[in-house]
Amino acid sequence: MAALTSTDLKGALPLIAQGKVRDIYALPDEKSLLFVATDRISAYDVVMKNGIKDKGKLLTALSEFWFELLKDKCPNHLLSTTGLPEEAKPYADQLEGRSMIVKKHKIFPIEAIVRGYLTGSAWAEYKKSGTAHGIKIPGGMQESQKFEKPLFTPSTKAEQGEHDENIHPDKVKEIVGEKYAKRIEELAVELYTAARDYASEHGIIIADTKFEFGLNENDEVVLVDEVLTPDSSRFWLASTYGVGKGQDSYDKQFLRDWLTSNGFKGKDGVEMPKEIAEKTAAKYIEAYELLTGKKWNA
């Protein structure tokens with residue numbers, strides 16, 4: 001099968017949302033959802049015209065790995081990655097290996113970004129104003145330098161086609177309330193730190209990552225969506241890491257660099273060349289295998 005860039009269940013289940021990567025379907029029990037990770041890939045908040053074969057399956061497997069590893073740190077929404085609802089079984093060719101049945105939660109409209117290293121948009125802002133998301137950063141830092149402590153640098157959660165907006169942590173209090181803002185920040189930093197330490201033992205630096213959280217019926221903040229994948233994180237090869245330069249990356253940076261160098265940054269309707277898709281896929285697979293210790297077999 002070629003890359004799956006969209007799903008079509010012929011009305012068997014209601015499609016309630018379509019993100020940059022995931023198609024989300026309602027389930028009959030009204031308490032859970034079917035998350036389907038397609039092979040779509042986005043960069044600079046724009047979805048590419050073509051996808052990367054089996055990327056959705058890899059994202060699902062890696063998210064499942066992290067949910068299990070981090071479950072003692074924070075409850076999460078994952079119920080199962082095996083077995084499809086009866087209504088969806090006729091469409092198993094689209095869904096198997098790339099689906100998660102998850103518990104429904106009220107979702108906080110915040111991207112809980114944690115940065116361990118000065119890179120990306122934070123580096124760009126720092127060069128201009130000495131800040132990251134409006135937070136004052138010590139002077140004299142270099143590109144890719146490690147922060148003394150992980151930095152919580154949230155953004156708004158934009159609809160597809162819109163752009164996430166970097167915000168100061170204080171803004172989160174205005175959006176979700178002080179109680180939840182504090183808990184989201186605590187959990188995001190704790191989860192990042194645990195994942196960073198694990199990854200460092202497997203040859204990967206997690207430079208930064210994005211978490212999303214929801215609220216359950218017990219008023220607990222719960223980890224939702226995907227977690228610590230190459231789509232939501234910057235993974236660097238530890239053996240070639242060096243301060244003062246860009247890094248060898250296992251995430252979408254390879255695609256971003258191609259878009260930028262060809263003048264396609266932020267433009268709609270861009271189709272990746274086969275070579276770019278294949279090289280990006282290889283990066284994702286290598287990251288999966290290093291982190292999990294398992295051979296990737298789609």
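The values are calculated or read from the model by the stated rules, or taken from the named source; none is laboratory data. Everything quoted here is computed from the prediction, not taken from an experiment. Note that we place each Cβ from the backbone using ideal geometry, even for glycine, and neighbour counts take in every protein chain shown. These area figures cover heavy atoms from the full protein model, side chains too; ligands, DNA and RNA do not enter into them. Shrake-Rupley method; radii C 1.70, N 1.55, O 1.52, S 1.80 Å.
Details
- What you get for the chain, charging only the Cβ of Lys and Arg (+1) and of Asp and Glu (-1), is a dipole of about 620 debye around the Cα centre.
- The distance between label points at LEU84 and GLU148 comes to 5.4 nm (points 7 Å beyond Cα on the Cα→Cβ vector).
- Translational diffusion coefficient (Stokes-Einstein; Kirkwood radius from C-alpha pairs) of the stretch 16-104 at 4 °C, 1.567 mPa s, in µm²/s: 94 µm²/s
- Most fluctuating residue given options PRO14, PRO109, PRO150, as computed from a GNM of the chain linking Cα atoms under 10 Å: PRO14
- Where the Cα pairs of the stretch 106-237 fall when distances are cut into 5 Å bins, in %: 2, 10, 20, 23, 21, 15, 7, 2, 0, 0
- Relative to the current alpha-carbon distance between SER121 and THR260, full extension at 0.36 nm per residue lengthens the span by 48.6 nm.
- In the chain, helices alone account for a calculated mean residue ellipticity at 222 nm of -9500 deg cm²/dmol, with every DSSP H run of four or more residues adding -39,500 (n - 2.57).
- Using 0.36 nm per residue and subtracting the Cα-Cα separation, the extra length available between LYS128 and ASP197 on full extension is 21.8 nm.
- Which of TYR25, LEU4, LEU215, positive extreme of dipole for the chain (C-beta unit charges): LEU4
- Candidate aspartates and glutamates for bridging to LYS267, where Cα separation is under 15 Å - those fewer than 8 sequence places away on the same chain excluded: ASP45, GLU162, ASP257
- Using the average count of surrounding beta-carbon atoms within 10 Å as a protection proxy, the listed peptides 35-43, 288-296 rank, highest first, as 35-43, 288-296.
- With DNA, RNA and ligands ignored, accessible area of MET100 (1.4 Å probe; Å², nearest 10): 10 Å²
- Members of LYS149/LYS182; LYS106/LYS157; LYS252/LYS274; LYS57/LYS295; LYS20/LYS157; LYS136/LYS179 lying beyond 19 Å, as alpha-carbon distances in this model show: LYS136/LYS179
- Charge dipole (Cα centre; +1 on Lys/Arg Cβ, -1 on Asp/Glu Cβ; no other charges) of the stretch 163-298 amounts to roughly 560 debye.
- Cα centroid of the stretch 239-287 to Cα centroid of the stretch 1-67, whole Å: 21 Å
- Gain on full stretching of the segment that runs from SER42 to SER239 - 0.36 nm per residue minus C-alpha separation: 68.2 nm
- Among ASP72, ASP268, ASP23, residue whose mean-square fluctuation peaks in a GNM of the chain (springs only between Cα atoms under 10 Å): ASP72
- Modelled this way, with points 7 Å down the Cα-to-C-beta line, the labels at GLU178 and ALA92 are 5.4 nm from one another.
- Listed values (i) 15.4; (ii) 14.6; (iii) 13.9, entry calculated as mean projected area of the Cα convex hull in nm²: (i)
- When you work out D = kT/(6 pi eta Rh) for the stretch 1-149 at 10 °C and 1.306 mPa s, using the Kirkwood radius from C-alpha pairs as Rh and the Stokes-Einstein form, the result is 89 µm²/s.
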